[in-house]
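Colleague: So that we are looking at the same thing, I have put the structure below in structure tokens.
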Amino acid sequence: MDVSIVIVSYNGRDLLRRSLRSIYTHTHEIDFEVIVVDNASQDNTPEMVLAEFPQVTLVRRSSNDGFARGVNQGIVLARGEAFLILNPDTELTSNLLPPMLAYQREHPTIGILAPKLLDADGSVQLSCRAFPGLNTALFNRYSLLTRLLPGNRFSKRYLMTDFDHDAIADVDWASAACWLLPRFAHEKIGPLDEGYFWSIEDVDYCRRAHRAGLRVVYFPQVSVQHHIGVSAATLASRTIKERHRGMWRYYRAYMRPDSAIAQPVADTVVRAGILLRCGAQLAVHNARRVLRPGQR
């Protein structure tokens, strides 16, 4: 078996259907399997998979314990030489796996190979980034400062807006919407950290890949269409809270000062900042719920 494609789904039935159709339409010349781990969807996603894609290995979880745990469970069942970690809100538009596999096999120091991601209109998503710093909270993709001052050097550095997105390059980290992860690399790095419910687990895993002496490579010779955040939007309040818990976890793992004197001060400031940011996003979300009833 060349590749095991592992997809973790939650309440994204129609997009998952499109993703699975695209896989079976465009994937040729290799032996592959598809494993869907469903995180207790409430929109009949498992029933759709069973009825329309009987060749898929379906894992039906009784609870939604996050993306990382779902990926780990899928990999346990996987038989492939490599794993393609794929979001259910992606669509393949070409036979991307043979060139990705060939490039990875030619470069065995690669731990994670990530293709170009495209929006539905064909524009390039900024899917590879620099590792976050303390100022990333103010200069990330969705921040007010980035929207008001898109050319500022802090946002440009983190989002890599000046980077040539048509060139193969080593990067700090790349979005886990689509990763080719060789089995040997997974065995060396270990499973995804299940302490992250949703988001930031990809930043953490790429950091661990670098620490293991492996490369994270952006590979724009192939591309995937990605509809950002559809599954997360169905559980917006929880994902906001869990994303901020993930920020705290990441800070404690990689960004905390070593000094016994500086650490309590830094912890207090960072924790307060994360709580304020989380509270502000929840407030905006709840205001939108009032204006748009039915949003979670």
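Colleague: Listed residues ARG238, ARG207; which is under 15 Å from the mean Cα position of the chain (by Cα) and either acidic (Asp, Glu) or in a helix (DSSP H, G or I) (or both)? Walk me through how you get there before you give the answer.
Modeller: Numbers: ARG238 fails: under 15 Å from the mean Cα position of the chain (by Cα).
Only one candidate qualifies: ARG207.
Colleague: Also: Looking at GLY80, GLY12, GLY70, which is the one that is crowded, with 20+ Cβ neighbours inside 10 Å, closer than 17 Å to GLU194 by Cβ and in contact (Cβ under 8 Å) with a residue 60 or more places away in the chain?
Modeller: GLY70
Colleague: Still on this structure, please answer the following. Considering only region 91-139, how many residues are surrounded by fewer than 18 Cβ atoms within 10 Å (Cβ to Cβ) and of a type in the set (D, E, K, R)?
Modeller: Result for region 91-139: 4.
Colleague: Across region 23-43, what is the total count of residues that are assigned to a loop (DSSP other than H, G, I, E, B), of a type in the set (D, E, K, R) and over 15 Å from ASN11 (Cα atoms)? Spell out how you get there, then give the answer.
Modeller: Looking only at region 23-43, we keep the residues that are assigned to a loop (DSSP other than H, G, I, E, B), and these are 27-31, 39-43.
Those left that are additionally of a type in the set (D, E, K, R): 29, 31, 43.
Checking which are over 15 Å from ASN11 (Cα atoms) leaves us with 29, 31.
Count: 2.
Colleague: Say we look at region 271-287 and pick out the residues that are modelled with pLDDT of 90 or more and of a type outside the set (Lys, Arg); which of these is farthest from the chain's Cα centre (by Cα)? Write out each step before concluding.
Modeller: First, the residues of region 271-287 that are modelled with pLDDT of 90 or more: 271-272, 275.
Then keep just the ones that are of a type outside the set (Lys, Arg); that gives 272, 275.
Numbers: ALA272: 26, LEU275: 23 Å.
Looking at residues that are modelled with pLDDT of 90 or more and of a type outside the set (Lys, Arg), I get ALA272.
The values are calculated or read from the model by the stated rules, or taken from the named source; none is laboratory data. Not measured: the values here are computed from a predicted model. Virtual Cβ from ideal backbone geometry, glycine too; neighbours counted across all protein chains shown.
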